Every structure is written in structure tokens, then in C-alpha cells.
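Asker: One structure is given below, represented as C-alpha cells, and several questions about it will come after.
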Amino acid sequence: MNGSDQSRQHAVFDRLRQAMLSGAMPPQTRLPPSRVLAEELGLSRQTVVLAYERLAAEGYVRARHGSGTFVAADLPDAAPPAAPGSILAAGIPAPELFPAAAWARCAARVLRRLPAGLTQYPDPQGLPELRQEIARHLAATRGLLADPACILVTAGTQQALRLAAELLLDPGDDAWVEDPGYIAGRGALAAAGARLVGVPSDAEGLDVAAGIRLAPAARLALVAPSHATPLGGALPIGRRLALLDWAGRAGAAILEDDCDSEFRWQGKPLPPLASLDRTGRVIYCGTFSKTLAPALRLGFAVVPPPLLGAFLRARTLADRGPPALTQAVLAAFMHQGSLAPHIRRMRTEYARRRAALLDALGRHAPSLTPLPAPGGLHLVVRLPQGSDEQAAVQICRARGLAVAPLGAYHLGEASWQGLVIGFAGLPAALAGETARRLQTALDRARRGPGGRVPRQSSRRG
Ligand SMILES: Cc1ncc(COP(=O)(O)O)c(C=O)c1O
């Protein structure tokens, strides 16, 4: 497939997306079979299949096994915004715990000194002093020995995934993604034209043997070995070795998303996959979105040396480098030793918040069954049988509870219904009241707006 095929694929994606957003294709509409649409538009079937896969990856449609592809009940752009002051957004750190005073002091110091480098075009790889601090941090916290010369500072994990997808995939290439898995991550691969292969993710994370059965020649695998999103599985050593072995034989790359390993509540933290990699297959991606704030847009990738030049060129073309001033403040913050104690404080506070929410759900929201949540900043709760996940989400959001539908994390159909709820932004003192509000919203969703139990649709989020 060449560049113009890719732009045709984008055109099909965009036209269908617009039709959905304008209401011309309302929720639950069945999309025409890809073969029919391809004939109608005079395009190759693969172009249409890839456009459908991107729509699925970004949450606009759901594929139902054996019955076709349907417009999702909750379009991503049309999802009702959670009411102002909403709580429970998954995976977002608490804004009130951002270390504002220490950050302000570092920023003032950096601005007072203002070395010339900070007002020129920055090093596209990232400020050397920040890369040095990141390497130290990785060695101390993750046991990962990374050469600062191989670290690329990125605008969050998202940019690392986007660059990797652009460089390592041709349109139409198979790429493994966890199913359920990280929505924005699979979006980054789909935007590069990848054919997403949903590999089941269970209590032990990615089912590597299933991936090998489904797409042995995939070019890339996106995986969160420490804590799969959203169910929390951690890849045991056998699966890690099998994954590395497969990547070596297939010549595939592994994108290791290690976004929240700082927050582990049960069991020992697991060393990153990258520390086991002897063949240069793994691109390790880290972020400051969970430990500090997602608005900083700062993360990093540890890139195997043979790929570094290509990453640097692509990065220079994309944005010439991350904003130097923010990098310099973070480097100063880390250099004075403020990050490690901040993370320790966050761990203590989030552990308290997590325990308070679990306790409150047990007392006040008996219809919700929390799943084990060994790490990260969110819980997944199972809804009772016969619930309408979409209705539950809509009613919760309207009441300031920014929960997410479990179905949205699935590429295909989910086999059960659930909600993903964040606890980092919920002070322990509010847990009881919030759990009560959740239960009231869920009762309402089961009764339906007019007091009736809503028709059981096959809608999945
Ligand atoms: C699974 C996963 N990976 C990575 C990230 C971080 O992305 P970014 O660094 O682009 O903010 C998140 C943020 O919520 C996430 O949930």
C-alpha cells in the first residue's frame, strides 16, 4: 500500500466518522460489509478494511463477531462531557497533590539563570541534563540501565508510540494490541495504517501464545507488561520470555508501555521487559503523566541504538524537540532530589484513597464487584448481569462521576459489562458519599429514565 492508498483510507475513515457525528449514521447502524463499500467507492477492499479498523480502534464502531460492524452507542467526540468538578476519571493523578511549590522554585531558578540554550532551538533528543536524570531515575526505580544517549524525551507516551508506529509500520502491517487495551495507544498504531490484531489480555496480561496463533508475522506488539490496561494483568516471566523470543524470530518490535509501574499495590514491582531484552527489540516508553501531571506532556523512550537515528529524524520533523523550558524545570526538580519523595508521598496517599474507595464500594455499592487492582490509579468494577453499561455511564457522567465504559477498551465485543473508575483524584473523605452516588446512578440506569427497566440492548461501550 502506498501513500495515496493511505490518504484514500483516511478519506473513508473521515467520511464515515463525519456521518456518525452528524447523526446521518446513528448509533447501532450496521456499516455496509467492507467488500460492498469497496465496490461502491471503487477502492480496494483492504483500504476499506483498514478504515473500519481505525474506526474501531478509535471507538467509533464495534465489530460483533459474525454479525458485522456497528456504529458505537457512545461516539468518542460525542460522549457527554462529565459535569464540572467531576471525580473518578481513570488514571489521572490528583491535581491538588502536584508539587507546585517545589516546581515554582525550580522554574524561578531556571528562569533567573536562563542559559542561552533555553531560548534557542532545543536538542531534538531532549535536554542532555534531563536525559541524564531520567537514566538515573530508571536505574534507581526500575533497575533499567539506559544510556542517556539512547533516551529520547517525548511529548508523553503518545508521541513515542506515534513516532514508533510511523517508523516501524507500513500501512496494512499487522500489529498486536492488548484486548482489552489502551485506547489512545491503539489509536496511534491505527493512525499509521496498522491492521490491529486484538490479542486477548487476561489476568496475566497479553496472551502471547494467542498472539502467535492470530498473527505470527506481526511487525510490532504494543504491550504493558507491568500493568495491562484496564484489567491490571502483569506478564509473568514465561510470557515475557515467549514474547521476546517471538519478536526475535519474527523480526518484530515491542513497544513497552510502562506508564504507571510506580504505583503497585500488591506483589513486588516487576522489572521492565526492556531489562530482559538482549536483541534490541524493545522500545521502552515512560511518562511523567501519572507521577506529576499529564498536562506537562513529558515522557521518554529508551530506543535501541540502531533505531535512534530514524527516531531523531522523525522527531525533528514532527516538532523539532520538546519545549526546553519545561524540560529544564523537570531536570532541576529531579536533580535536587524532589521526584523520589514526591512519588513516595503519592504512593501513600493513593494507597489510602484506593483502600477507602474499595471499602466504600463494599458498604454502599453492593451491586458493583471490584476486580483485583494490583497496580495503577483505577479500579475496574463488574456491573450486575442485565445492566446497560452505556446507560450507566451516561447517568454517572451527568452526575459528575466521570466513569468509563469497560467496553470502550475492547476492540471486539466484551463478554461482560463493567466500569473503569479512577481513585487518585478522590479524597478518602469523599469515598463513602461517592459510592452512594454511584449506586443511586446505577439503580437509575437499571430502571431507565421513565422508571422502567430499559430494554436489554446488545449495546456495548
Ligand atoms: C496505558 C497508558 N499508557 C500511557 C499513558 C500516558 O500517556 P501520555 O504519556 O501520552 O500522557 C496513559 C495515560 O493515561 C495510559 O493509560
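The values are calculated or read from the model by the stated rules, or taken from the named source; none is laboratory data. Quick caveat, the model's predicted, so the values are computed rather than measured. Here the Cβ positions follow ideal geometry from the backbone for every residue, glycine too, while neighbour counts run over all protein chains shown.
Asker: Identify the single condition in (1) within 16 Å of the ligand (Cβ to nearest atom); (2) in a loop (DSSP other than H, G, I, E, B); (3) over 23 Å from residue 293 (Cβ atoms); (4) modelled with pLDDT of 90 or more that residue 124 does not satisfy, given that it satisfies every other one.
Answerer: Checking residue 124 against (1) within 16 Å of the ligand (Cβ to nearest atom); (2) in a loop (DSSP other than H, G, I, E, B); (3) over 23 Å from residue 293 (Cβ atoms); (4) modelled with pLDDT of 90 or more, the one that fails is (1).
Asker: Need the failing condition index for residue 321 against (1) at pLDDT 95 or above; (2) crowded, with 20+ Cβ neighbours inside 10 Å; (3) small (Gly, Ala, Ser); (4) more than 16 Å from the ligand (Cβ to nearest atom), just the number.
Answerer: With respect to (1) at pLDDT 95 or above; (2) crowded, with 20+ Cβ neighbours inside 10 Å; (3) small (Gly, Ala, Ser); (4) more than 16 Å from the ligand (Cβ to nearest atom), residue 321 is out only on (1).
Asker: Mind counting the residues in the range 369-379 that are within 11 Å of residue 421 (Cβ to Cβ) and buried (at least 23 other Cβ atoms within 10 Å of the Cβ)?
Answerer: Looking only at that region, the number is 3.
Asker: Out of the range 42-51, which residues are buried (at least 24 other Cβ atoms within 10 Å of the Cβ) and free of Cβ contacts under 8 Å to residues at least 60 places away in the same chain?
Answerer: Scanning the range 42-51 gives 47, 48, 51.
Asker: Answer with yes or no whether residue 331 is within 16 Å of the ligand (Cβ to nearest atom), part of a helix (DSSP H, G or I) and modelled with pLDDT of 95 or more.
Answerer: On the way: within 16 Å of the ligand (Cβ to nearest atom): no; part of a helix (DSSP H, G or I): yes; modelled with pLDDT of 95 or more: yes.
No; evaluated as a whole, the condition is false for this residue.
Asker: Let me ask something else about it. So which of 445, 414 is in a loop (DSSP other than H, G, I, E, B), of a type in the set (A, V, I, L, M, F, W, C), touching a residue at least 12 places away in the same chain (Cβ under 8 Å) and in contact with a helix residue (DSSP H, G or I) (Cβ under 6 Å, 6 or more places away or on another chain)? Quick ask: steps written out before the conclusion?
Answerer: On the way: 445 fails: in a loop (DSSP other than H, G, I, E, B).
Result of the check over 445, 414: 414.
Asker: Okay, next question. Show me the helices (runs of 4 or more DSSP H) found entirely inside the range 131-239 where at least 1 residues are under 26 Å from residue 415 (Cα atoms).
Answerer: Hits in the range 131-239: 183-191, 208-214.
Asker: Output the residues belonging to the range 280-316 that are under 30 Å from residue 98 (Cβ atoms) and either free of Cβ contacts under 8 Å to residues at least 24 places away in the same chain or assigned to a loop (DSSP other than H, G, I, E, B) (or both).
Answerer: Step one: list which residues in the range 280-316 are under 30 Å from residue 98 (Cβ atoms), which gives 283-303, 311, 315.
Within the range 280-316, 288, 289, 290, 291, 292, 293, 295, 297, 298, 303 qualify.
Asker: Follow-up question, since we're still on this one. Looking at 41, 37, 31 in this structure, which one is closer than 26 Å to residue 66 by Cβ and touching a helix residue (DSSP H, G or I) at 6+ places or on another chain (Cβ under 6 Å)?
Answerer: Details: 41 fails: touching a helix residue (DSSP H, G or I) at 6+ places or on another chain (Cβ under 6 Å); 31 fails: touching a helix residue (DSSP H, G or I) at 6+ places or on another chain (Cβ under 6 Å).
Unique residue meeting the criteria: 37.
Asker: Something else about it: Looking at the range 172-192, can you tell me whether even one residue there is in the same structural domain as residue 284 (by TED's automatic domain parsing), away from the ligand (no atom under 16 Å from the Cβ) and in contact with a Phe, Trp or Tyr (Cβ under 8 Å, 6 or more places away or on another chain)?
Answerer: no
Asker: Quickly run through the range 246-264 and pick out the residues that are within 12 Å of the ligand (Cβ to nearest atom) and in a loop (DSSP other than H, G, I, E, B).
Answerer: To start, the set of residues in the range 246-264 that are within 12 Å of the ligand (Cβ to nearest atom) comprises 255-261, 263.
Within the range 246-264, 258, 259, 260, 261, 263 meet the criteria.
Asker: Now, a different point. Condition check: touching a His at 6+ places or on another chain (Cβ under 7 Å), at pLDDT 95 or above, within 28 Å of residue 103 (Cα to Cα) and not in a loop (DSSP other than H, G, I, E, B). Does residue 346 satisfy that?
Answerer: No: the conditions fail for residue 346.
Asker: Is it true that residue 252 is among the small types (Gly, Ala, Ser), within 22 Å of the chain's Cα centre (by Cα) and modelled with pLDDT of 95 or more? If you could, list the steps in order and put the result at the bottom.
Answerer: Values: among the small types (Gly, Ala, Ser): yes; within 22 Å of the chain's Cα centre (by Cα): yes; modelled with pLDDT of 95 or more: yes.
Answer is yes for this residue.
Asker: Which of the residues that make up the range 396-406 are assigned to a helix (DSSP H, G or I) and surrounded by fewer than 24 Cβ atoms within 10 Å (Cβ to Cβ)?
Answerer: Those that are assigned to a helix (DSSP H, G or I) and surrounded by fewer than 24 Cβ atoms within 10 Å (Cβ to Cβ): 397, 398.
Asker: Do you know which residues across the range 99-152 are in contact with a strand residue (DSSP E or B) (Cβ under 6 Å, 6 or more places away or on another chain) and polar (S, T, N, Q)?
Answerer: The one that is in contact with a strand residue (DSSP E or B) (Cβ under 6 Å, 6 or more places away or on another chain) and polar (S, T, N, Q): 125.
Asker: Same structure, new question: Within the range 195-219, track down each residue that is under 17 Å from the mean Cα position of the chain (by Cα) and either away from the ligand (no atom under 16 Å from the Cβ) or of a type in the set (Asp, Glu) (or both).
Answerer: 197, 200, 202
Asker: Quick check on my filter: what residues within the range 136-171 are on the phi < 0 side of the Ramachandran plot and within 9 Å of the ligand (Cβ to nearest atom)? Explain how you work it out, then say what you get.
Answerer: First pass over the range 136-171, keeping only residues on the phi < 0 side of the Ramachandran plot: 136-142, 144-155, 157-171.
Residues satisfying the conditions are 154, 155, 157, 158, 159, 160, 161.
Asker: Sort out which residues of the range 42-69 are among the hydroxyl-bearing types (Ser, Thr, Tyr) and closer than 21 Å to residue 27 by Cβ, and write them in order of number.
Answerer: Within the range 42-69, 52, 60, 67, 69 meet the criteria.
Asker: Test of understanding: among 130, 118, which residue is assigned by TED's automatic domain parsing to the domain that holds residue 331, over 14 Å from residue 256 (Cβ atoms) and buried (at least 20 other Cβ atoms within 10 Å of the Cβ)? Spell out the reasoning first.
Answerer: Numbers: 118 fails: buried (at least 20 other Cβ atoms within 10 Å of the Cβ).
Every option except 130 fails the conditions.
Asker: Still on this model: Looking at (1) assigned to a helix (DSSP H, G or I); (2) buried (at least 22 other Cβ atoms within 10 Å of the Cβ); (3) modelled with pLDDT under 95, which one does residue 435 not meet, given that it meets all the others?
Answerer: With respect to (1) assigned to a helix (DSSP H, G or I); (2) buried (at least 22 other Cβ atoms within 10 Å of the Cβ); (3) modelled with pLDDT under 95, residue 435 is out only on (3).
Asker: While we're looking at this one, here's another question. Take the residues in the range 265-299 that are closer than 19 Å to residue 152 by Cβ and of a type in the set (Phe, Trp, Tyr); name whichever of them is nearest to the ligand (Cβ to nearest atom).
Answerer: 288
Asker: Taking the options 424, 402, 408, name whichever one is farther than 16 Å from residue 371 by Cα and at pLDDT 95 or above.
Answerer: None of the others qualify; the one that does is 424.
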